[in-house]
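Enquirer: Have a look at this one.
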Amino acid sequence: MNNLIQNEMMKLLAKKRLVIIGIIVGILVLMFTYAQYKQAEEQKEKLGTTDWRAALQQQIIDTQNRLSSNRMLDEWREQLEVGLKQQQYYLDHDINPSEPGAATFTRMFLENAIDLFIPLLIMIVASDLVSSENSQGTIKLLLTRPVKRWKILMSKYITLLLSVSIIVAMTASLSYLLSGLVFGYQGWAAPVITGFELNGADVDVSQVRLVEQWKFLLMDLGLVWLVAVVIGTLSFMLSVLVRSTPAGMGIMLAALISGAILNNMVSSWESAKYFFMVNLKLTTYISGSAPPIEGMTLLSSVITLLVWWLLALLVSFAAFTRKDVY
């Protein structure tokens, strides 16, 4: 098995996919770092101060102005109302929700990348782990080797898990290292509030507690890794079922984009909570943001994703071990 895994990793490294992903992440991190820097400069010029309290007060005023609109959808209004109460809580308790520093940038980058950007990176690796054997004409050689098929597929899946871990770690590392050039490398001990519980548009703050940012970042990384594994496994299944790599990537891309759209429009469709793409943004639960559908919790979303993961894994192995060679 070790030789099989080593062989799969060598094939993956030869394709330079991880290098390409690293370049993509680096470019986007630099772009977002610059965008956040310009936003901070504009805010400083507009408010005439660098005091975070003044900036937060302005955010509260802006949110209140948006809520005064009569044309806003109910689900968007609920999310804004929840956000407004959280902003007011930060202000009342004199806690900066955006402590400057690379650690804060990394946390926010991961939270915003969990449901689309990181899954797209994972898809680049996972979508052709098996289907590429068809396009390269090596599928016959692969399946006629004196090795059990499940071991061959398991070696590819373990390679996928290693790749997922590398991509998540690389994304976090590049975010921290590159953004720190502008914002500095401080912020690890900054207080982050977690424990907001939502009941409709009401925010229960009885369970709120302060967590050091490095602990909160570890929780974020764990949730990001879980989502990446689930997306990787689903893409892996498509790679087994669909002979064409572009077709498999197209199916997964359509699912991810539809999930991004559904998250903003699906509040009244309760059964949609069982779709994997509606449950990807796990970090919203620990930050206290409103879920896409009322009643969804971190536990329910994790269970839903684990069910999709298990089904995808079972289908992959069942289909591969019965695959015809021709």
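The values are calculated or read from the model by the stated rules, or taken from the named source; none is laboratory data. Quantities reported herein were computed from a predicted structural model and do not represent experimental measurements. All Cβ positions, glycine included, derive from the backbone under ideal geometry; neighbour counts span all protein chains shown. Ligands, DNA and RNA are excluded from the accessible area calculation, which covers all protein heavy atoms including side chains. Shrake-Rupley method; radii C 1.70, N 1.55, O 1.52, S 1.80 Å.
Results for (1) at pLDDT 90 or above; (2) among the acidic types (D, E); (3) crowded, with 16+ Cβ neighbours inside 10 Å, shown as yes or no for each residue.
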position	(1), (2), (3)
K151	no, no, no
S155	no, no, yes
L160	yes, no, yes
V164	yes, no, yes
A172	yes, no, yes
L177	yes, no, no
G184	no, no, no
G187	no, no, yes
I193	no, no, yes
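Enquirer: Okay, moving on. For A40, only one of the following conditions fails: (1) at pLDDT 80 or above; (2) closer than 30 Å to M170 by Cβ. What is its number?
Expert: For A40, the failing item is (1).
Enquirer: From the list K281, K273, pick out the single residue that is of a type in the set (D, E, K, R), in a helix (DSSP H, G or I) and open to solvent by 30 Å² or more (accessible area, probe 1.4 Å).
Expert: Just one listed residue meets the conditions, K273.
Enquirer: What are the residues in region 2-36 that are open to solvent by less than 90 Å² (accessible area, probe 1.4 Å) and of a type in the set (K, R), if any?
Expert: K11, K15, R17 - these are the residues of region 2-36 that are open to solvent by less than 90 Å² (accessible area, probe 1.4 Å) and of a type in the set (K, R).
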